[in-house]
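Below is one structure, written out as structure tokens; comments come after it.
The values are calculated or read from the model by the stated rules, or taken from the named source; none is laboratory data. In this text the structure is predicted, and so the values were computed from the model without any measurement. Positions of Cβ are generated from backbone atoms using ideal geometry, with glycine treated the same way; all protein chains shown enter the neighbour counts. Note: areas computed on protein heavy atoms with side chains; ligands, DNA, RNA excluded. Shrake-Rupley method; radii C 1.70, N 1.55, O 1.52, S 1.80 Å.
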Amino acid sequence: MKSMGDQVMDEEIEYHDDEESFFQDIDMLQKHGINVADIKKLKSVGICTVKGIQMTTKKALCNIKGLSEAKVDKIKEAANKLIVSCAINKLLGGGVESMAITETFGEFRTGKTQMSHTLCVTAQLTGHNGYSGGKVIFVDTENTFRPDRLRDIADRFGVDHDTMLDNVLYARAYTSEHQMELLDYVAAKFHEEAGVFKLLIIDSIMALFRVDFSGRGELAERQQKLAQMLSRLQKISEEYNVAVFITNQMTADPGATMTFQADPKKPIGGHILAHASTTRISLRKGRGELRIAKIYDSPEMPENEATFSITAGGINDAKE
């Protein structure tokens, strides 16, 4: 994740490593079955981070005294489990932006909730540019939150289950009104533990509004209430310097057939949600477990795509 201050430094560090979003010491490989002696061998040739392993060829690793091909394969496999999706981070310019709303939308099973769960864990990891990691609040509107998924993701990053779960505050919203009320609780927690919370997730932002306001007759009222909620979210994110990550659903666009659009679906919420979200990411299915994320709208990120996969350990880079 990156803060506004981090962005100032982005250009300075880009030459160093434009993809690395989390500094991870290779000692973390111990939790994935790599012994201390082999880790020392890697350190002896200057490989001290998980990223460093990924940037070193298999042939070069095999040339390190005492590392067999089988050991190198095991080290590479362990390192891949620990790497946060570089493709997604690069797409977002380093991570989810603080003091802003990032929206991701897509059809069923495109990875929206998986991305939310992965962020619950990765937001707690220390990162480059002095990012210290922090707590997360997860507001669930569709009963999608699964602690077991978080445990699997925590295993991938070598994070203690209990500590990780203690750092995720969960709240279930039952109506759009209740969703709005929960933001008061969220703001109170952010104030109570100032600087500790780094991320607020709402999965999904529009689900309860669709239920509570049905039909065209209630659309104006729905949009008015939605605008109030998004305004509150933006203020909270700026006041407490947190990143807000929301998921959204899609609907058929009745006007698409008239304009010959390639994709007749669009994110719900209309202009109000479109203007409130700083960065919008669309997700779509690829082959098998592959998914494609695309920058749909962003003030500073170019329109680009990244392929990722959904694994037991959460969102990860697509395997070639």
Quiz item: Just checking, how many residues over segment 262-303 are in contact (Cβ under 8 Å) with a residue 24 or more places away in the chain and either of a type in the set (A, V, I, L, M, F, W, C) or touching a helix residue (DSSP H, G or I) at 6+ places or on another chain (Cβ under 6 Å) (or both)?
Solution: 10
Self-check item: Among residues of segment 166-181, those that are touching a Lys or Arg at 6+ places or on another chain (Cβ under 9 Å) and either under 24 Å from N241 (Cβ atoms) or not in a helix (DSSP H, G or I) (or both), counted
Solution: 5
Quiz prompt | Set T102, T49, T110: member being open to solvent by less than 50 Å² (accessible area, probe 1.4 Å), within 30 Å of E239 (Cα to Cα), within 25 Å of the chain's Cα centre (by Cα) and β-branched (V, I, T) | solution = T102
Exercise. Name every residue in segment 42-52 that is part of a helix (DSSP H, G or I) and modelled with pLDDT under 90, in order of residue number.
Key: V50, K51, G52
Exercise. Could you tell me whether any residue of segment 56-67 is open to solvent by less than 70 Å² (accessible area, probe 1.4 Å), polar (S, T, N, Q) and in a loop (DSSP other than H, G, I, E, B)?
Key: yes
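Results for (1) assigned to a strand (DSSP E or B); (2) on the phi < 0 side of the Ramachandran plot, shown as yes or no for each residue.
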site	(1), (2)
R284	yes, yes
G288	no, no
P299	no, yes
E303	no, yes
A306	yes, yes
I315	yes, yes
K319	no, yes
Self-check item: Subset of segment 132-155 [crowded, with 22+ Cβ neighbours inside 10 Å and either at pLDDT below 90 or assigned to a loop (DSSP other than H, G, I, E, B) (or both)]
Solution: T141
Quiz item: Here is a list of conditions, (1) closer than 21 Å to L119 by Cβ; (2) open to solvent by 50 Å² or more (accessible area, probe 1.4 Å), and Q228 meets all of them except one; can you say which number that is?
Solution: (1)
Self-check item: segment 200-225: number of residues that are buried (at least 20 other Cβ atoms within 10 Å of the Cβ) and either of a type in the set (A, V, I, L, M) or under 17 Å from E103 (Cα atoms) (or both)
Solution: 9
Quiz item: Within segment 83-90, can one find any residue that is of a type outside the set (S, T, Y) and at pLDDT 90 or above?
Solution: no
Quiz item: Yes or no: G217 modelled with pLDDT under 95 and within 24 Å of K294 (Cα to Cα)?
Solution: no
Quiz prompt | Among residues of segment 156-165, those that are open to solvent by less than 50 Å² (accessible area, probe 1.4 Å) and either polar (S, T, N, Q) or part of a helix (DSSP H, G or I) (or both), counted | solution = 3
Quiz item: Within segment 166-177, can one find any residue that is open to solvent by 50 Å² or more (accessible area, probe 1.4 Å), without any contact (Cβ under 8 Å) to a residue 12 or more places away in the chain and of a type outside the set (S, T, N, Q)?
Solution: yes
Quiz item: Would you call A188 modelled with pLDDT under 95, hydrophobic (A, V, I, L, M, F, W, C), more than 18 Å from the chain's Cα centre (by Cα) and open to solvent by 10 Å² or more (accessible area, probe 1.4 Å)?
Solution: no
Quiz item: Can you tell me which residue in segment 234-263 is surrounded by the most Cβ atoms within 10 Å (Cβ to Cβ), limited to those that are in a helix (DSSP H, G or I) and modelled with pLDDT of 60 or more?
Solution: S237
Exercise. Return the residue satisfying two criteria in turn: it lies in segment 305-317 and is touching a helix residue (DSSP H, G or I) at 6+ places or on another chain (Cβ under 7 Å) and surrounded by 14 or more Cβ atoms within 10 Å (Cβ to Cβ), and of such residues it is modelled with the lowest pLDDT.
Key: D317
